[in-house]
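Here's the structure, in structure tokens; my notes come after.
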Amino acid sequence: MSTFTAREGSPTRSEVINHYETATGREFVHERFYRALAAYKMAGLGEMFLARHLNDDSDDPLYPKMETQVPELASRTLAYINGETERL
């Protein structure tokens, strides 16, 4: 699953964090929590998209992909929560 920071020309995670800290004057802490929260939210949205697809409520070609993407996001969320990885 690709991420925003993996796209060519996009800033790295470190660059995004440095920009945030400079712009706000706050230190970015609890990265694992925010990664888990983001993956959890994305899984929830994916479930909504999949439900729309299964109910023939959308013809978006992205929605059928949620059948595999949602379980991957759920696994990623658990990995973050359990501290199994910091850099997925």
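Does residue 5 satisfy the criteria of being in contact (Cβ under 8 Å) with a residue 12 or more places away in the chain, in contact with a helix residue (DSSP H, G or I) (Cβ under 6 Å, 6 or more places away or on another chain) and β-branched (Val, Ile, Thr)?
When the stated conditions are applied, residue 5 does not pass them.
Among residues belonging to segment 1-53 that are loosely packed, with under 12 Cβ neighbours inside 10 Å and aromatic (Phe, Trp, Tyr), point out the one that is nearest to residue 83 (Cα to Cα).
33
Throughout, read-outs are computed from the coordinates displayed, never taken from laboratory work. Quick caveat: nothing in here was measured; it's all calculated off a predicted structure. Cβ atoms come from the backbone with ideal geometry, glycine included; neighbour counts cover every protein chain shown.
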